[in-house]
Amino acid sequence: MKRTNLAELREEMRAVARGEQPAPPRPAGPLLAALSAEALELMSVVLERHPANVDEVVRLTGRSQPNVSRSLQQLAGHGLVRLVRTGREVRPEPLVRSVQVDLASGTYLTEPAPAAAVSA
């Protein structure tokens, strides 16, 4: 849907929120820039190992805690993981299992992570 004014944008957002239409594809450029080999490794660890906290991700990857935290925050900013805080600990939860990029339009769609991997 091509939006021509703010009222149409609001109506589109409300329709998506009500579940009446799917969310429009998102621009792929920023996501692709964020998906380094290290970020993909983190996503793999979060999806397959279900770490209890960031310290466990650090142990599993051998990367420094600030580096892991920064990378997880970047992935969370793109909606790929959710960072759940419990007291002083932060647990990464996968939100996305795969990403489909449309090179012609420069957009992407995501496939949700399995329900067992995401806790409410």
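Calculate, in whole percent, how much of the Cα-Cα pair population of the chain lies beyond 17 Å.
Numbers: 4371 of 7140 pairs.
Roughly 61 percent, once rounded to a whole number.
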Percent of alpha-carbon pairs separated by more than 17 Å within segment 1-49: 58
Under Karplus coefficients 6.51, -1.76 and 1.60, residue-wise ³J(HN,Hα) of segment 32-48 in Hz, glycine/proline x: 4, 5, 7, 8, 6, 4, 5, 5, 5, 4, 4, 4, 4, 4, 5, 6, 9
Sites L83 and E12, calculated FRET efficiency, Cβ-Cβ separation with R0 35 Å, nearest 0.05: 0.80
Estimated distance in nm for a label pair at A34 and N5, the labels positioned 7 Å out from Cα along Cα-to-Cβ: 3.4
Cα-based helix-to-principal-axis angle, 6-17 vs the chain, degrees rounded to 10: 50
Estimated dipole of segment 1-82 in Debye, rounded to 20 [Cβ of Lys and Arg +1, of Asp and Glu -1, Cα centre]: 200
Residue-count net charge about V81 - beta-carbon cut-off 12 Å; Lys, Arg +1, Asp, Glu -1: +2
Value at 222 nm in deg cm²/dmol, rounded to 500, when DSSP H runs of n ≥ 4 in the chain each add -39,500 (n - 2.57): -13000 deg cm²/dmol
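Contact order normalised by length for the chain, with contacts defined as Cα pairs under 8 Å and 6 or more residues apart; what percent is it?
Computed value for the chain: 23 percent relative contact order.
A short reminder: the numbers here are calculations on the coordinates, not readings from a lab. If you're wondering where the values come from, they're calculated on a predicted model, not measured in any experiment. Ideal geometry is used to build each Cβ from the backbone, glycine not excepted, and the neighbour counts take in all protein chains shown.
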